[in-house]
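The values are calculated or read from the model by the stated rules, or taken from the named source; none is laboratory data. Keep in mind it's a predicted model, so treat the numbers as computed, not measured. Methodologically, a virtual Cβ is constructed for each residue, glycine included, from the backbone with ideal geometry; neighbour enumeration extends over all protein chains shown.
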Amino acid sequence: MIGPGLTSALVTGGSGGIGSQIVRLLRADDVAVTAVSPETEKLAALAQDTGAECVEVDIADAAAVDTLCDGRAFDIVINCAAVLGAETKLHETPPEMAHDLITVNLVGTLNCLRATLPGMIERNRGHIVNFGSTAGSYPISGEPFYAATKAGIHMLTQNLRLDLHGSDIRVSEILPGRVASGMHAEMVGGDRDEAQRRYYDGYECLEPVDIANCVHYVLCAPAHVDITQIEIMPTRQVFGGASFHRG
């Protein structure tokens, strides 16, 4: 069970494969969850299934995030929302794709932290879980600018922990390898069948629930324990996807 005092959570990317599994595990522990994403239909289904509050919000919109969080006291913030973008070489990254990756993956995370951390600091209680990626730790072809934003999340998380030193607020970072979440469809123009064939079929990928279980694990640690970082990869994957055995 999640520790006492952690009774309300904000989950960004809550309608996604990983995010929705996190919402389900939190609700199973009677945590009051506010799940946000731009995907209205998926949010409606998630609200019906879990009883979570599901709100259509673009986290890249600082004013929208401030409005959502105004007057609320979140004890847990799960920064799961991210975009991956199309498969490309670094020097061929389109400007609009670079803009989307930065504004969602980095600025969106910052917007959520800015809106929720002052209350946590005032109460001296809370847990931040940021989603990095093994792509931010190791060179990987096909998604270099995404990898750069995830490397940014890693340093953001490290600095956040430094800023909060001396408080009782915990900060954790989850760095998954390849997860069969459906996100990889972005790399092939939204073609889910092609993504299944290219990135999932024949590979023993992680499943969204595996990642959600990691998040649940760090939240359940005793209050004096901060599990600062977990890298979780498929058994047959090494070096962030640079080598993945197909068998």
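Some notes on this structure:
- Just one of the listed residues (V104, V65, V83) is more than 18 Å from P176 (Cβ to Cβ) and out of contact with any Pro (no Cβ under 7 Å at 6 or more places or on another chain), namely V65.
Okay, residues lined up against (1) more than 15 Å from the chain's Cα centre (by Cα); (2) of a type in the set (A, V, I, L, M, F, W, C):
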| residue | (1), (2) |
| --- | --- |
| G136 | no, no |
| I140 | yes, yes |
| T149 | no, no |
| T157 | no, no |
| L175 | no, yes |
| M187 | yes, yes |
| Y200 | yes, no |
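- Per-region count, the range 99-125, residues within 20 Å of T7 (Cβ to Cβ) and either touching a Ser or Thr at 6+ places or on another chain (Cβ under 8 Å) or crowded, with 17+ Cβ neighbours inside 10 Å (or both): 9
- Taking strands (runs of 3 or more DSSP E) as the structural unit, those lying wholly within the range 1-94 and holding at least 3 residues that are touching a residue at least 60 places away in the same chain (Cβ under 8 Å) and crowded, with 21+ Cβ neighbours inside 10 Å correspond to 8-12, 76-79.
- Hey, P208 surrounded by 15 or more Cβ atoms within 10 Å (Cβ to Cβ) and within 24 Å of E92 (Cα to Cα) or not: no
- Search result, residues across the range 95-147 that are among the hydrophobic types (A, V, I, L, M, F, W, C), within 17 Å of L162 (Cβ to Cβ) and in contact with a Phe, Trp or Tyr (Cβ under 9 Å, 6 or more places away or on another chain): M120
- When the criteria are applied in full, R125 meets the requirement of being assigned to a loop (DSSP other than H, G, I, E, B), basic (K, R) and either over 15 Å from the mean Cα position of the chain (by Cα) or at pLDDT 95 or above (or both).
- Any chance K42 is charged (D, E, K, R) and over 15 Å from T12 (Cβ atoms): no
- Residue satisfying condition, being on the phi < 0 side of the Ramachandran plot and touching a Gly at 6+ places or on another chain (Cβ under 8 Å), within set T109, T149, T103: T149
- The condition (being within 30 Å of P94 (Cα to Cα), among the small types (G, A, S), surrounded by fewer than 19 Cβ atoms within 10 Å (Cβ to Cβ) and modelled with pLDDT under 95) is satisfied by just one residue among A242, A135, A223, A151: A242.
- Flag if A98 is over 17 Å from the mean Cα position of the chain (by Cα), in contact (Cβ under 8 Å) with a residue 12 or more places away in the chain and in a loop (DSSP other than H, G, I, E, B): no
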